Structures are given as C-alpha cells and as structure tokens.
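Remarks on the structure that follows.
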Amino acid sequence: MFQTDMKSPQTVQATFDVQRQIGRLASVSAGYVHTSGENLPILLNFALAYDRVTGARPNPAINPGGWYITSGQTMKYNAFEGNARLNRFHGLDLALHYTLSKGWSQQGVNLVGNFNSSIGDTTYNNTQDFFNPYLDVDYSPLIGEVRHRVTGTAVYDIPWLADRHDVVGGVLGGWQVSSVLNFRTGEPLRITQASGIGNSRPDYNGGNQIFDDWRDTLQYLDRSAYTLVPTSPITRATIRPGNQNSSQVRGPGRRRVDMTIAKAFTLRGGTQLQVRFESFNVFNWRQYNNPNTIVTSPTFGLITSVAATRTGQIGLGLTF
C-alpha cells in the first residue's frame with residue numbers, strides 16, 4: 001500500500017576539489033563531497049501496526065502482512081577526501097588516500113526489500129514505531145558508515161641486478177614489490193532488545209559502553225550501559241521505543257596490509273611468464289567482527305569471530 005500523496009524523491013550532489021602539483025613527481029589534492037536526499041521511501045511493516053500495550057489494531061480489516069510505503073525519509077552525507085601521490089621516485093610509486101565521512105538517515109537509506117541489510121555483522125532494521133517512523137532516535141548513521149578510512153598503495157621496482165643480462169640477472173633481477181594497506185574505524189552498532197515488536201532497542205544509560213580490555217577478553221560491550229524497556233504482558237512488545245542510537249557506539253576497527261612480489265620472465269618468441277607470490281593480511285593482524293548486539297542474549301557484547309587471517313598464494317601467468 002502506498003501513501004496517497006507520495007512525493008518524488010529528490011537528491012542534491014556537490015563536490016569541490018583542489019589539486020596541487022609538487023615538483024615533477026608529487027601531487028596532493030583535497031576535496032569535499034556532499035549528498036543529500038529527501039522524500040525517499042520508507043517501508044513500514046503492517047505486522048507492526050498495533051497498540052504496543054493492548055495489541056489492538058487501528059484497522060482490523062487490514063491483513064497484518066505487507067507494507068505501507070511512504071516518502072518521508074531524508075539523508076545527508078558529507079565527506080572530506082585527501083590524496084597524496086608520488087610517481088616514479090627511484091623506482092617507487094606511492095599513493096595515500098584519507099576519507100573523513102558522516103552520513104545519516106532514518107533507515108540507512110537502504111531502498112531494497114524490507115530495509116533489512118547486513119554490512120559485515122551490523123544489521124540495520126526498520127524504524128521502531130510504525131506510527132512514527134521519524135523519531136529522532138531512528139535518525140542514525142548510514143548503513144556501513146565508516147568515519148575514518150585510510151588506504152594506500154606502494155609499488156617498488158627492485159633495482160638490484162636489474163641491469164644484468166646474464167642468467168643471474170634474468171632470475172634474480174627485475175622483481176617488483178607492491179603493497180596495499182587498509183585502515184578504518186568501526187561501523188555503527190545498533191543494540192536491539194528481544195520484543196514482540198521487531199527492531200526494538202533498549203535505553204542507553206550513559207557512560208562507557210566498551211570495555212578497555214576487550215582485546216584480551218573479547219567482551220566488547222558492557223551490558224550495564226543499557227536498561228531494558230518494559231514490555232507489555234499482553235503483546236510482549238516494548239511499551240515505547242528505546243533511546244539507543246547506533247551513533248552512540250561503534251564496532252572494532254580494522255587494519256590490513258597485503259603484499260605481492262612479482263616478476264615477468266621473457267621466454268622465446270615473445271612469450272612471458274609472470275610469477276607472483278602474494279600474502280594477504282601479511283602481518284596477521286586480527287580482523288575482529290562486530291559483537292553480538294542483542295542485549296537480552298547470554299552472549300551480548302561478545303566477539304565470537306574474526307575475518308580472514310593471513311593467507312598466501314603463488315600465481316603463474318603465461319602471455320603469448
């Protein structure tokens with residue numbers, strides 16, 4: 001079912017960039033990115049259209065299945081982007097990129113299906129209240145928003161023995177080392193409370209929500225930072241929306257460096273054999289996934305898994 005006076009979505013995008021060449025080999029740039037939207041659709045589940053305390057529905061004739069679609073969602077995204085590059089400095093190429101971003105909306109601006117989307121281990125659900133989907137507490141960070149992100153690349157042509165044209169130079173010379181680094185802060189966490197109404201959230205009491213020693217214990221979130229919202233004995237739903245907002249706490253950040261050593265061997269007839277030794281997460285840093293965010297769960301706040309540890313592979317490619 002659609003809102004009868006549904007409006008057309010509108011978006012505004014703007015960018016501003018400044019670039020500077022430094023000498024012959026280096027350059028830097030800085031930019032601002034803005035995106036905003038209004039009249040974006042929100043999908044409201046009819047199954048949640050009932051009185052939280054009594055369970056009474058405003059229109060019993062409407063089947064509890066299906067969706068009511070309105071056009072009231074808004075979003076804003078602002079970001080600073082900085083870049084630095086060094087080209088061909090004694091066989092070395094470097095590039096570094098930094099992004100500082102902030103984006104907010106009612107439902108993460110997920111316009112697919114029922115607005116349930118998982119980015120990593122962070123699940124963004126519908127708003128808490130069918131009858132008031134524009135609560136301030138439901139205006140929260142965009143899906144998968146990362147406040148700080150640093151990426152970099154480095155490529156170095158090893159000069160050792162590169163100029164030799166004998167067998168030793170052909171085997172040991174001409175190798176190239178490249179690396180990619182990714183550092184980022186954590187994603188917003190939406191703390192939920194088991195309830196007769198899905199997407200219910202507890203109240204945040206204030207104070208520190210993250211344990212200082214979580215890397216040792218893997219207990220990331222402190223349950224005492226939250227208070228359960230009372231539930232109705234009839235509907236088992238929370239009697240009101242909770243005030244926890246996903247902007248209040250974020251999951252663990254991640255850092256990773258990948259490295260490749262490669263060389264192309266020239267064979268007869270112009271044929272080339274490329275040999276690659278690759279290592280992903282070369283320093284074997286732990287890539288912690290987000291913790292359990294259901295406050296009523298026995299394992300609430302506990303990190304139970306990590307992303308991929310260090311792996312390596314050898315690749316061969318033949319060009320003819």
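Please go through region 216-256 and pick out each residue that is more than 16 Å from residue 300 (Cα to Cα) and free of Cβ contacts under 8 Å to residues at least 12 places away in the same chain.
Result: 216, 230, 233.
With respect to residue 173, determine if the residue is surrounded by fewer than 15 Cβ atoms within 10 Å (Cβ to Cβ) and at pLDDT below 95.
no
Of the conditions (1) more than 21 Å from residue 142 (Cα to Cα); (2) in contact with a strand residue (DSSP E or B) (Cβ under 9 Å, 6 or more places away or on another chain); (3) not in a helix (DSSP H, G or I), residue 212 clears all except one; give me its number.
(2)
Go through region 271-289 and report how many residues are within 18 Å of residue 216 (Cβ to Cβ) and either of a type in the set (Val, Ile, Thr) or in contact with a Pro (Cβ under 7 Å, 6 or more places away or on another chain) (or both).
Count: 1.
Inspect region 96-105 for any residue being in contact with an Asp or Glu (Cβ under 6 Å, 6 or more places away or on another chain) and more than 24 Å from residue 179 (Cβ to Cβ) and give the result as yes or no.
Yes, the conditions are met somewhere in region 96-105.
Does residue 270 satisfy the criteria of being touching a helix residue (DSSP H, G or I) at 6+ places or on another chain (Cβ under 8 Å) and at positive phi?
No: the conditions fail for residue 270.
How many residues, within region 222-265, are more than 21 Å from residue 151 (Cα to Cα) and out of contact with any helix residue (DSSP H, G or I) (no Cβ under 8 Å at 6 or more places or on another chain)?
Number satisfying all stated conditions: 26.
Quick one: is residue 257 in contact with a Phe, Trp or Tyr (Cβ under 7 Å, 6 or more places away or on another chain), at pLDDT 95 or above and either in a strand (DSSP E or B) or not polar (S, T, N, Q) (or both)?
Yes, satisfied.
Do we have residue 229 as crowded, with 17+ Cβ neighbours inside 10 Å, among the aliphatic types (A, V, I, L, M) and modelled with pLDDT of 95 or more here?
Considered against the rule, which asks whether it is crowded, with 17+ Cβ neighbours inside 10 Å, among the aliphatic types (A, V, I, L, M) and modelled with pLDDT of 95 or more, residue 229 comes out as yes.
Hey, can you tell me all the residues within region 45-67 that are at pLDDT below 75 and exposed (fewer than 10 other Cβ atoms within 10 Å of the Cβ)?
Within region 45-67, 61, 63, 65 meet the criteria.
Do you know which residues across region 273-305 are crowded, with 17+ Cβ neighbours inside 10 Å and at positive phi?
281, 301
The values are calculated or read from the model by the stated rules, or taken from the named source; none is laboratory data. Please read these numbers as outputs of a predicted model, since none were measured by experiment. Note that we place each Cβ from the backbone using ideal geometry, even for glycine, and neighbour counts take in every protein chain shown.
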